[in-house]
Amino acid sequence: MRVDLTWSQAKVRSIKTLTPSVRQFEIVPLDGSVQSWAPGSHINIRVRIGERDDVRSYSLVGENDAGCYRIAVKRHAESRGGSAYMWSLQESALVSVGAPNNLFPLALDAPDYLLIAGGIGITPIFGMAKMLARQNAKMRMLYAVRSNQELAFAQELREVLGDRLEVFISSEGQRIDPEVQFAQLAPSAEVYLCGPLPLVDACRRAWQAQGRPAAAFRIETFGSSGAYAPEAFHVRVPRLGIDVLVPQDRSMLHVLNDAGVDVMFDCRRGECGLCAIDVLAVEGKIDHRDVFLSDHQKQEQRKICACVSRAVGGAITIDPAWRSDAL
């Protein structure tokens, strides 16, 4: 992946509450140089978590027409600190932002589209829906949330899409059935999906079961989603004599790098697989939060993507690729 790592100082121009757990932020660089971006793009923001600095990625919302970078941040009860920091900001606050990058680009040449958003996964999908609707593309959109109160951007979507938008409220017993939805698509259709890992996994299995091409199933995830609540665990590297604790609010990747274990990484969202590490033993189980490893690989528990995945119920023993005797 090639990304622009340029940083600039910016100001929070406005803050708007969209739902009880989602706030929208409009951010403008101090020099006024808002770079162009396409739906699916994101920006990185430097956040302060306790006594340390960190970086979080947030999808850009809508289209590049507002003279600012617009993001929406969900306040997670199990946040690693990024959403809490963003929610602590006031209008006119200064932040460091990265240039827009796009690891989830929308192709504009498919004969049929299905857009799927789960919860805060609406942020990249919203702009895609607006662009496809403006171009009169054949498309439908599925939007799943826990309750009606969590329907961010729903009114705008209804105005743009009409009956091409279908909403699923899980508290009312409504669920997306991927097999049924995919069966309605043309053979060369494309799916764009952003949502929690269980939704991604269910959709991917249904897509594969119908024999559809992997390249036409395009996803983005948020690394905070897993099968278990995050908890602290130990990581042991016998070859290096290292035993470190990964706190509930930090990633295994960060802790290993701080301990002097050089782990390669890129996306930090469990998508590229560059940080996948060999697992020697597990006390408990691995909460695989990535979308890089196959279902079979996850069941074997021989690899872990250090940027997002975690151990649950004890400790994990690993053997990273870095070796001092190879220098």
Relative intensity, log₁₀ I(q)/I(0), of the range 233-326 from a Debye sum that treats every alpha carbon as a point, q = 0.16 Å⁻¹:
-0.57
How large is ³J(HN,Hα), in whole Hz, for each residue of the range 234-245 in order, when computed from phi with the Karplus curve 6.51 cos²θ - 1.76 cosθ + 1.60 and θ = phi - 60°, using x for Gly and Pro?
8, 10, 10, 10, x, 4, 9, x, 10, 9, 10, 9
Whichever aspartates and glutamates have a C-alpha closer than 19 Å to that of residue 303, once near sequence neighbours (fewer than 8 apart) are set aside
201, 243, 262, 266, 271, 278, 283, 287, 290, 295, 319
By a straight-distance test (C-alpha under 17 Å), which lysines pair with residue 298 as possible cross-link partners, with residues fewer than eight away in the same chain excluded?
285
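Rounded to the nearest 5, what % of DSSP beta bridges with both residues in the chain are antiparallel?
On the way: 46 of 69 bridges.
The answer is about 65 percent antiparallel.
What's the exposure ranking of 76, 42, going from fewest to most Cβ atoms within 10 Å?
76, 42
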Cα-only Rg/Rh for the range 49-100 with Kirkwood Rh rounds to 0.96
Let me check I have the definition right: for the chain, take the eigenvalues of the Cα gyration tensor, multiply each by 5, take square roots. What are those semi-axes in whole Å, largest first?
32, 25, 18
One can check that the equivalent ellipsoid of the range 180-252, built from the alpha-carbon gyration tensor with semi-axes equal to the square roots of five times its eigenvalues, has lengths in Å, largest first, of 37, 14, 10
What would the Debye formula give as log10 I(q)/I(0) at q = 0.11, 0.20, 0.22, 0.23 Å⁻¹ for the alpha-carbon point model of the range 113-220, no solvent?
-0.30, -1.05, -1.28, -1.39
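To the nearest 500 deg cm²/dmol, what mean residue ellipticity at 222 nm is calculated for the chain from DSSP H runs of n ≥ 4 alone, each contributing -39,500 (n - 2.57), summed and divided by the residues? If you can, show how the numbers build up before the last one.
Values: 7 runs with 60 residues, N = 327.
Helices in the chain give a 222 nm mean residue ellipticity of -5000 deg cm²/dmol.
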Over the chain, what is the relative contact order in percent, taking alpha-carbon pairs closer than 8 angstrom and at least six residues apart?
14
In Å and whole numbers, how far do the C-alpha atoms of the range 1-144 stretch along each principal axis, longest first?
50, 33, 29
Which lysines have a Cα less than 28 Å from the Cα of residue 16, not counting those fewer than 8 places away in the same chain?
74, 130
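Each value in this text was obtained by applying a stated rule to the coordinates, not by laboratory testing. Keep in mind that what you see is a predicted model, and the values were worked out from it rather than measured. Using ideal geometry, Cβ is built from the backbone for each residue, glycine included, and neighbour counts are taken over all protein chains shown.
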